[in-house]
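As structure tokens, the structure follows; a few thoughts come after it.
The values are calculated or read from the model by the stated rules, or taken from the named source; none is laboratory data. Nothing here was measured: the structure is a model prediction, and the numbers come from that model. All Cβ positions, glycine included, derive from the backbone under ideal geometry; neighbour counts span all protein chains shown. Heads up: the accessible areas ignore ligands, DNA and RNA and are worked out on the full protein's heavy atoms, side chains in. Shrake-Rupley method; radii C 1.70, N 1.55, O 1.52, S 1.80 Å.
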Amino acid sequence: MPDVEMKPAASKGAADDKKDAEQKPKEEPIPETPVDEIKGNAALIERGVSTIEPRFIHRALRTLTSLRKKLDETILNTAIEAIYPKDSAIKSSLLSWLPGSHAEKMDVDTSAPSTKPPPEPVPEVEIYLRLLIIYQLLKSQEKHPKALELTQQTVEKMQASNRRSMDPIAAKVWFAVERVYELAADLADARPLFLAAQRTASLRHDDEAQASLINRLLRSYINYSLYDQADKVVSKTTFPESAANPQYARYHYYIGRIKAVQLNYSEAHNNLQQAIRRSPPAKVAPGFYQAVHKLFVIVELLMGDIPDRSLFRHPVLEKALDAYFEIVKAVRAGSLSGFASTLAKHAAQFEADKTYTLIVRLRQNVIKTGIRRLSLSYSRISLKDICLKLHLDSEEDAEYIVGKAIRDGVIEGRIVHEKGWMECGAQKNAYGMEVSELFQRRIGYCLELHNQSVKAMRYPLNAHRKELADAEGARERQKELVKEIEEGDMDDDDMDGDF
Amino acid sequence: MATSLRSLYEELNRSFAGPKSDLKKCGTLLSQLKIGLIEAGLLIPQGNANPEDLIVARDILEVGAIWSIRSRDEASFDRYFSQLLTFYTDYASALPPSKREYPIRGLNLTRLLTQNRIADFHTTLESLPIPADAIGDNPYIAHPVNLERWLMEGSYHKVWNARTGAPAEEYKYFIESLIGTIRNEIASCEEAAYTTLPMKDAALLLFFDTPSELLTFAQKRGWQIDLTGQTITFARKDEEKKEFPTERLIQSSLLYARELEQIV
């Protein structure tokens, strides 16, 4: 199933875009043709660099995803021709990466834009264009080696220039680097590059690149199942607080994965929940949404909870979570044989999702659920019947398993060894210290949820300006009114109308 | 590679091979070899070393790991294993696979299990270079994986039976300490699950062969033994002391007040 394998990567791309897509409607109308769009973005970047306002650069980058899909070689060619002056060295170096740029075509083009030879644009524009070219090269399989070469060169250039205004673009470039290495070479080869860049970024307080790079590193480790190393990355770095939501969503997802492997399920559960909350709408980034939910369902089961039924009816998740739904049903029923057959049936999918080992751990939960159901329905049951009902292999083991369940507080009861049965005690009185503790935990959880949600809220940058303008207008009107009153040409009719 | 190193290596192989290996001699040879490896820059290889040298280095470390188990030195096994990981993961494509790799990985997993480092056990398991659904086919890995599963679900009888099914001689060393662990586990389960238990059955459940072993064990755990009736009575855990955690309640109330203040 190729689409499953692609998912993490695709979801990433989608995760980036989703936010961009979300905010786009608020933007002023975007120039129609892609060429104009690139030119407009280059101008925005210029403006951002000259006014030291990263806002403009962010706006230029926001269209990256939608632009990426519209690109082709001619568009890039024309855009580069238009942006750079006639005999710029950067222009020819950029154009050399585009196979479509034949010599004669260049001749034709050079004559046209010469009417307005703009000054040499800032290096940020060059990196931006390189980013676009990388994505263009990635579109076809045979150009991947070329993309790799260009990426390596771009990274060198980016690091050599050491400009703070480059940071937002650099963060995007790192994502492209990962993608290129994954498609064209071995992802592990990019690790030294990321590690070095991560060091530099944290020294320079380059939050955006840092957030992006930490995620790159985590992904690179987790992709090769090096959870130990990934855990060390998490403990040795601090994820920048100012990071964008999509980066946060990914970060939480990776931590959730690491914690789940380490059996720290409640922590994993928290992180995955954050990831879901911060992730873009399901329809925009379905891959990420599905991947997080797959893990989320398993972690919830491992914690002894049963996931919400409605989750499996969600239009985006319904199909993807099909196999997981069957597992949930088996765990809920406490049927070991059902669990084993479901596991065997979907083994390939779980293996591809990297959830197989986690699901195998559910076996004991299945047994516990089974015992619990028996203890609720019988007041006395022989060990042999338990063994039969739960499909356990031997009666000796049934005794140990029941003993363990009693000790772990799964059931209330005792074993009468001489008679070979289990007596189930009445349910414990549910009022006591544990209750207050439980409440405390739940309240803490709600408060945490509230705080995290507040933090996850985003405000449009200029919203307060509008309010200011409104206030300004109101004052203006008031002034006018005062003036009118002073002039005394306001009669009763006006009054009725106004108030 | 220096010839002195190679001759030492051959000597190590000779004294290690065979059913009765000379542990003491191997130990001295190993420490000499390690110094030699450091001098040759092979203990923690970097860059492109000669594959043949790397194989020798890996061999030496593997022998070292197995030797540590035989001489019951877990800390030393841990060190050898960490050094071996470089060869197993970073040079996996450059070197032919070693036939001792999986036995040693399995030993490491078993060691983590006996030390009750379950989280590490799973992390290590996850990073094995074999697909998860093929674990059952590898006897060296399947053994610790099964042990873990049985321990977690409480099938102690299966763990007991697995003593004989160990895939390699070295696993038995860990199994012995594992039995100690499960005895304690079973004992704590019995304390919770039974009120009284005939001594005969208790011995059976705890895998003791003689009553005297059971008696010493029972004394250690503070069980009441009725020798005439041949039964063990487990002291019920007293009803938990009812103490009102005032300080904690005040603390949490203050916390709620502060949080609510922020929200409203």
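With each label modelled as a point 7 angstrom along the Cα→C-beta vector, the B:Gln219-B:Asn116 pair spans 2.4 nm.
Given 37 °C and 0.692 mPa s, compute D for the protein assembly as shown with the Stokes-Einstein relation, Rh being the Kirkwood radius over Cα pairs; round to the nearest whole µm²/s. Mind showing how you got there, number by number?
Values: Rh = 31.5 Å.
Rounded, D is 104 µm²/s.
If only the Cβ of Lys and Arg carry +1 and only the Cβ of Asp and Glu carry -1, the dipole of the protein assembly as shown around its Cα centre is close to 2520 debye.
Each other residue within a Cβ distance under 14 Å of A:Ala188 adds +1 if Lys or Arg and -1 if Asp or Glu, for a net charge of -2. Full extension of the chain between B:Arg248 and B:Lys25 yields a length gain of 74.2 nm, computed as 0.36 nm times the residue separation minus the alpha carbon distance. Placing pseudo-labels 7 Å out from each Cα toward the beta carbon at A:Met303 and A:Ala188 gives an inter-label distance of 3.5 nm. Each residue of segment B:199-213 was assigned a 3J(HN,Hα) from its phi angle through the Karplus expression (A = 6.51, B = -1.76, C = 1.60, θ = phi - 60°), giving 4, 4, 5, 4, 4, 5, 5, 8, 6, 9, 8, 10, x, 5, 4 Hz with x at Gly and Pro.
About its Cα centre, the dipole of chain B is roughly 600 debye, where the only charges are +1 on Lys and Arg Cβ and -1 on Asp and Glu Cβ.
Mind running the shape call on segment A:189-314? Use the C-alpha gyration tensor, a ≥ b ≥ c as the square roots of the eigenvalues: rounded below 1.5 for a/c, prolate if a/b tops b/c, oblate otherwise.
On the way: a/c = 2.28, a/b = 1.65, b/c = 1.38.
Prolate, because a/c is 1.5 or more and a/b exceeds b/c.
The alpha carbon gyration tensor of chain B gives principal lengths a ≥ b ≥ c with a/c of 1.5 or higher and a/b no greater than b/c, which makes the shape oblate.
With the highest mean first, a sort of the peptides A:234-246, A:55-67, B:58-70, A:285-297 on other beta-carbon atoms found within 10 angstrom per residue produces A:285-297, B:58-70, A:55-67, A:234-246. Among the residues of B:180-192, the average count of other protein chain beta-carbon atoms within 10 Å of the residue beta-carbon is 3. Just how many % of Cα pairs in segment A:361-424 lie over 17 Å apart, if you round to the nearest whole percent? The share of Cα pairs beyond 17 Å in segment A:361-424 comes to 27 percent.
Summing charges over all other residues whose Cβ lies under 12 Å from the Cβ of A:Arg313, with Lys and Arg as +1 and Asp and Glu as -1, gives -1. Taking segment B:158-213 as the region of interest, what is the percent of Cα-Cα pairs per 10 angstrom bin, listed from the shortest bin to the one with the maximum distance? Taking every Cα pair in segment B:158-213, the percentages come to 21, 47, 26, 7, 0. Amide H contacts of A:Gly413 (H built 1.01 Å from N, in plane; Pro and chain starts excluded): A:Gly425 sit under 5 Å, all sequence-distant by 5 or more or on other chains.
Taking a threshold of 27 Å on the Cα-Cα distance, which of the pairs A:Lys91/A:Lys172; A:Lys236/A:Lys319; A:Lys143/A:Lys259; A:Lys70/A:Lys294; A:Lys384/B:Lys200; A:Lys69/A:Lys172 fall above it? Distance filter (> 27 Å) returns A:Lys236/A:Lys319; A:Lys143/A:Lys259; A:Lys70/A:Lys294. Within 10 Å of the Cβ of each residue in A:411-419, the mean number of Cβ atoms contributed by other protein chains is 4. Just so you know, the Cα atoms of segment B:195-236 work out to an Rg and Dmax of 9.2, 27 Å.
Per the Debye calculation on segment B:116-244 with a single equal scatterer at every Cα and no solvent contribution, log₁₀ I(q)/I(0) for q = 0.09 Å⁻¹ amounts to -0.37. Karplus-based coupling profile of segment B:95-112, in residue order and whole Hz: 10, x, x, 8, 6, 8, 4, 5, x, 6, 4, x, 4, 4, 4, 5, 4, 4, with θ = phi - 60° in 6.51 cos²θ - 1.76 cosθ + 1.60 and x standing for Gly or Pro. The B:Thr181 and A:Gln152 beta-carbon pair, evaluated with R₀ = 51 Å, returns a calculated FRET efficiency of approximately 0.45. Rounded to the nearest 20, the Cβ-based charge dipole of segment A:361-424 about its Cα centre (Lys and Arg +1, Asp and Glu -1) stands at 320 debye.
Find out how many positive minus negative residues lie around A:Lys419, taking Lys and Arg as positive, Asp and Glu as negative, among other residues whose Cβ is under 15 Å from that of A:Lys419. Please report the intermediate quantities before stating the final value.
Values: positive: A:Arg380, A:Lys384, A:Arg414; negative: A:Asp385, A:Glu395, A:Glu399, A:Glu418, A:Glu423, B:Asp201.
Charge balance near A:Lys419 sits at -3.
By average Cβ neighbour count within 10 Å, what is the ranking of A:154-165, A:261-272 from highest down? Mind dumping the intermediate values first?
Working: A:154-165: 15.4, A:261-272: 20.5.
Ranking, from highest mean packing down: A:261-272, A:154-165.
From its DSSP helices (H runs of at least four residues, each -39,500 (n - 2.57)), chain B gives a residue-normalised ellipticity at 222 nm of -20000 deg cm²/dmol.
If you plug the beta carbon distance of A:Ser453 and A:Ser140 into 1/(1 + (r/R0)^6) with R0 = 35 Å, you get a FRET efficiency near 0.25.
Largest GNM mean-square fluctuation across B:Phe234, B:Phe244, B:Phe217, computed for chain B with C-alpha springs under 10 Å, falls on B:Phe244.
Count, for each residue of A:222-233, the Cβ atoms from other chains sitting within 10 Å of its Cβ, then give me the mean as a whole number.
Details: counts 1, 0, 3, 7, 4, 7, 6, 1, 2, 2, 0, 0.
The mean count of partner-chain Cβ atoms within 10 Å per residue comes to 3.
For A:Arg465 and A:Lys283, what does the FRET efficiency come to when R0 = 35 Å and r is the distance between their Cβ atoms, rounded to the nearest 0.05?
Working: r = 31 Å, r/R0 = 0.89.
That gives a FRET efficiency of 0.65.
Sorted largest first by accessible area at a 1.4 angstrom probe radius, with every protein chain in place, the residues A:Tyr253, A:Tyr445 fall in the order A:Tyr445, A:Tyr253.
Modelled spin labels at A:Arg477 and B:Phe207, positioned 7 Å past Cα toward Cβ, are 8.5 nm from each other.
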